[in-house]
Structures are given as C-alpha cells and as structure tokens.
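Data first, discussion second: the structure below is written as structure tokens.
What follows is calculated from the coordinates using simple rules that are stated; it is not laboratory data. Just so it is clear, the model here is predicted, and its values are computed rather than measured. Cβ coordinates were reconstructed from backbone atoms using ideal geometry, including for glycine residues, and neighbour counts include every protein chain displayed.
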Amino acid sequence: MEIILGKTAGFCFGVKTAVEEAKKQIKENEEICCLGEIVHNKNVIKDLESIGIKFIKNVEEAKGTVIIRAHGATKDTYKKIEQMDLKIKDLTCPKVLKIHKIAEEYSKDGFFIILIGIKEHPEAVATISFCGENSYILQEKDEIEQAVEIIKKSKISNILIVAQTTYNSKKFDDIAQILKNKLVDKNVVIQKTICNATEIRQKETIEISKQVDMMIIIGDKKSSNTSKLYDISKEYCKKGIWVENADELDLEQLDGINKVGIMAGASTPKEDIEKIIIKVKSKG
Ligand code: SF4
C-alpha cells in the first residue's frame with residue numbers, strides 16, 4: 001500500500017501555539033479555565049483536562065485565569081471577563097485578531113460588513129461581534145439574495161466582504177464575485193482573510209486527492225476546516241472517508257486500494273495521524 005501523507009496535515013501555527021501556551025499557564029496559575037474547547041479535538045481536550053485545565057461553556061462559570069482559545073471571543077465576553085475582575089490569557093490566533101481589527105476599522109468608517117463563514121462557528125460568532133450592527137454572516141450561495149436585500153435596505157454604499165479564516169477558498173471567491181456583480185452601484189471592498197495555512201492545506205488536499213484511490217481525512221467531526229478537506233477530497237477522489245482517530249478506521253474500507261492519501265485538519269494532533277499511518281501500513 002502506497003501512502004501519500006500531506007505535508008500540511010495536523011496542527012496549524014495558531015492551534016499549536018494555543019495548546020502549548022495553555023500548558024504553560026497551568027504551571028504559572030492555580031486556577032485556570034478555557035472558554036470553550038481550545039481546539040475541536042477530544043484527545044487534546046482530555047490531555048489538557050488531565051493537567052488541570054477546566055473547560056467551561058459560559059464566562060459566568062469562570063474563575064482565576066480565563067484562556068481565550070484560538071477562535072477568539074466576542075466583544076461582550078471580553079467585557080464580562082473584565083467586569084468579573086478575572087485574569088485573561090488571550091490565545092486568539094493573530095490572524096483572527098487581524099480580522100477583528102479590520103472589521104472594527106471598517107465598521108467605524110460606516111461600512112456594511114459581510115462575513116462569509118459558518119454562522120454557528122465560534123470564530124464567525126466572535127468576528128461578527130466586531131463588525132457593528134450593519135453586518136451579516138453569509139454561509140451559503142443561496143443566501144446571497146437575502147444579503148443583497150438587507151444591504152440595499154440599509155442604504156449603506158460602502159461594503160466590506162471578509163472571510164472566516166477556514167472558509168473554502170474557491171467558494172469564497174465565487175460568493176464574493178457574485179455579491180460584487182449584484183452590488184454594482186456600491187463600493188465593494190473584498191478582503192480575502194482566509195488563513196494561508198488553510199488555503200495551502202486545501203490546495204495540497206486537491207493535489208493528493210487527484211493521485212490516489214482513496215483519501216483518509218483525520219479530524220474531529222466538529223472541526224470546520226476538516227469538514228472542508230473532506231468535501232474537497234470527495235470532489236477530486238472517488239473514495240474519501242473522514243475519521244476522528246485510528247479506532248474509527250475500518251481496514252476493510254481499504255480493500256482493493258493501492259494508493260491512499262492522508263490529510264488532517266488544523267486541530268488534529270500528530271499522534272492521531274501517526275496511529276492512522278501505522279494502522280494503514282498494517283494492511284500490507
Ligand atoms: S487555521 Fe489559520 S487562522 Fe485559524 S488558528 Fe490556524 S493559523 Fe490561525
């Protein structure tokens with residue numbers, strides 16, 4: 001069995017930094033909690049819980065030092081942490097912080113902001129809170145008409161289009177262009193804020209998918225960027241599976257496969273990837 005492993009598979013810079021910094025915090029602080037899962041990966045969460053980091057869903061439950069994960073947090077959350085007089089360790093990825101800054105600046109200048117992203121995703125929820133009230137999260141093409149209507153009703157003539165960092169690059173280009181064409185009477189500024197780590201990983205997934213009989217995508221089922229990799233792999237390869245870890249990989253799925261590609265999302269630790277490789281190799 002020939003295996004092609006993606007060079008970009010696994011933790012991205014933002015996730016790696018957040019996990020490493022969170023581990024350092026436990027040595028320095030007595031009580032430490034993280035608002036939401038630091039990454040969408042059960043093993044990473046278990047590991048951090050075992051060294052004393054508590055994961056909380058609401059800021060009201062926070063005590064001691066509060067970690068803000070790589071996805072970032074809403075403006076309200078920062079305010080509440082301040083009011084509760086808690087310490088904060090902000091591990092928001094610098095690339096996400098940059099989008100918050102862009103959004104705030106354009107919003108102050110009176111722009112209507114369209115964030116192309118996944119509505120429920122914590123990063124999009126955090127980013128939209130920095131976009132002011134004239135803003136909209138646009139997730140799919142079929143919402144374009146509705147977004148255009150809202151923009152027209154607002155009578156705002158300057159529009160900024162930004163992206164969630166892990167959004168599908170090609171889909172963003174398509175949606176942004178359609179929006180621009182429909183808003184010819186407006187000043188439309190497009191800032192493609194998709195993280196280059198995401199873009200490179202998506203491109204590599206396409207390249208590998210074209211060369212193999214089957215793609216194995218590794219990552220938590222809640223991981224947005226992993227979900228995109230899975231969609232891409234299915235587009236370019238006749239067989240694609242998405243597993244969270246080696247236990248989920250059924251070797252019978254590899255029957256008749258000669259060449260397999262492996263790619264993993266930004267929240268997948270290298271241990272999970274290594275275990276999958278060992279299991280695939282055991283097939284012979
Ligand atoms: S995918 Fe990019 S933006 Fe998101 S955490 Fe990783 S490096 Fe940061």
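Structural remarks
- Spatially, the range 166-240 and the range 123-157 are offset by 20 Å when compared through their Cα centroids.
- Considering only alpha-carbon pairs that sit under 8 angstrom and 6 or more positions apart, the relative contact order computed for the range 123-278 is 20 percent.
- Cα-Cα P(r), the chain, percent of pairs per 10 Å interval: 6, 27, 29, 23, 12, 2, 0
- Integer Hz, Karplus 6.51/-1.76/1.60 couplings in order for the range 259-276, x for Gly and Pro: 10, 10, x, 10, 9, 9, x, 5, 9, 9, x, 5, 4, 5, 5, 4, 5, 5
- C-alpha center-to-center spacing [the range 246-261, the range 84-112] in angstrom: 43 Å
- Rg and Dmax of the range 95-190, both derived from C-alpha coordinates alone, stand at 12.0, 33 Å.
- GNM flexibility winner over the chain from SER209, SER154, SER129 (Cα, springs under 10 Å): SER154
- Column: log10 I(q)/I(0), Debye, Cα scatterers of the range 13-92, q = 0.13, 0.17 Å⁻¹: -0.33, -0.57
- Label-to-label distance, nm, for residues given as LYS234 and GLU140 (7 Å Cα→Cβ offset): 1.3 nm
- Using a Förster distance of 25 Å, the FRET efficiency for ASP109-ILE200 (Cβ separation, nearest 0.05): 0.20
- Inter-site label distance for GLU252 and LYS46 at 7 Å from Cα along Cβ, in nm: 2.5 nm
- Loop GluC sites (Glu not before Pro), the range 14-92, which have at most 10 other Cβ atoms in a 10 Å radius of their Cβ (DSSP): GLU30
- Here the extension length gained between GLU274 and LYS101 equals 58.5 nm, from 0.36 nm per residue of separation less the Cα-Cα distance.
- The range 48-199, relative contact order in percent, only Cα pairs under 8 angstrom and at least six apart counted: 20 percent
- Length added when fully stretched, GLU82-LYS281, from 0.36 nm per residue minus Cα-Cα: 66.5 nm
- For the pair LYS152 and GLU133, label points projected 7 Å from Cα toward Cβ lie 2.3 nm apart.
- Extension gain for the segment LYS57 to LYS180, taken as residue separation times 0.36 nm less the Cα-Cα distance, is 40.5 nm to one decimal.
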